[in-house]
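One structure is given below, encoded as structure tokens.
The values are calculated or read from the model by the stated rules, or taken from the named source; none is laboratory data. Note that the structure is a prediction, hence the values are computed from the model and not measured. As a convention, Cβ positions derive from the backbone with ideal geometry for all residues, glycine included, and neighbour counts pool all protein chains shown. Just so you know, the surface numbers come from the protein's heavy atoms only, side chains and all, with ligands and any DNA or RNA stripped out. Shrake-Rupley method; radii C 1.70, N 1.55, O 1.52, S 1.80 Å.
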Amino acid sequence: MQNLLQLAQAQTAAALANGALQPIATDSCWLEDQDQRFLVRMLRGWRAKHPSLKAHGPIANPFQPYDPRLFVADAGDRHLWLLNKFPVIDQHLLLITRQYEPQTQWLNLADFEAIASGLRAIDGFAFFNGGPLAGASQPHKHLQLVPLPLDRDCCQPLPLSDRWQAALGGDRTALPFQHAIAELPNFLGLSAIQAGEILFETYQKLWVQFDLVVDGDRPPAYNLLLTRQWLLIVPRSRESHLHISVNALGFAGALLVRDQAQLKQLQDLGPLQLLQTVGC
């Protein structure tokens, strides 16, 4: 699947033309906290244009059936790639299971084989929001993948890259929330199956640090963050604080706020304190 990015770019152009893709307009700024820069995006009138997306009540599964205008590529027998219908980031891909599986289940070997195929094709950031408390908006299992860097004005692939590296070096204060992180071997020369096995084995070992085994009962709420270099798990205690929602992107250093008032709240609180509060 070496042409996955090209397929996504072509499908993006087509989906924009036919109206299937509805990007969310934002304004971006950088917010500094304890010598750490965070990328903060603020919605630009999007909520007023899409009021139904915030309505309460049963939510129809957008993946069964999925919109064929958003289809990008197959990803083996159990998964496929779609464009995110409401992207904030260009070429934002969703890796969904063909058959319904709950977003609150453990990730399995097939999931990691499929996401490995995406990371072999795209030097990107993959992530998983494990349940509503972790920022998941859909109950149908899906991982997500966006190309790196997250922002062209950032000298790092992810705003928190230096802190991840420090955590890998043993600095437990680099990330002020409960986490488990592991460095990954270079899997670009391996098959997707071999790379998936490495990722799944690493995932299992990281959960042992929380005295949990990847089997049986569903896991607690958590975010998974993954690049070609490392895999990080962050347990979650709540979905938001001060009505500022946080998903896996937040723990990579990218946050989203509704308006200027919420941006001011984030400035006063500090992004690191926000992550500490919604983590464990």
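Some notes on this structure:
- Selected from 222, 203, 100 as most flexible by GNM, with the chain as the system and alpha-carbon contacts under 10 Å: 100
- Using the rule -39500 (n - 2.57) for each DSSP H run of four or more residues, divided by the residues of the chain, the 222 nm mean residue ellipticity is -8000 deg cm²/dmol.
- Protection proxy ranking of 264-271, 227-234, 209-216, by the mean of other Cβ atoms within 10 Å over each peptide's residues and highest first, is 227-234, 264-271, 209-216.
- Tail beyond 33 Å, pair distance distribution of the chain (Cα, percent): 17
- Sorted peptide list for 91-98, 77-84, 151-158, criterion being average Cβ within 10 angstrom, highest first: 91-98, 77-84, 151-158
- In region 200-280, the inverse of the mean reciprocal separation of distinct Cα atoms equals 14.0 Å; this is its Kirkwood hydrodynamic radius.
- Gyration tensor verdict on region 73-208 (Cα atoms; rounded if a/c is under 1.5, prolate if a/b is larger than b/c, oblate otherwise): rounded
- When each of the peptides 250-258, 36-44, 64-72 is scored by how many other beta carbons lie within 10 Å of its residues on average, the order from highest to lowest is 250-258, 36-44, 64-72.
- Candidates 73, 195, 13, ranked by Gaussian network fluctuation over the chain, Cα under 10 Å, top entry: 13
- Å² of accessible area per residue within region 194-280, as computed with a 1.4 Å probe and no ligands counted: 43
- The local environment of residue 136, defined by Cβ-Cβ distances under 13 Å, has a net charge of +1 under the rule Lys, Arg +1 and Asp, Glu -1.
- Counting only whole DSSP H helices of the chain, there are none at least 20 Å long by C-alpha along their axis and with mean Kyte-Doolittle hydropathy no lower than 1.0.
- The lysine pair tally for the chain, using Cα distances under 26 Å and a gap of 8 or more places or different chains, is 7.
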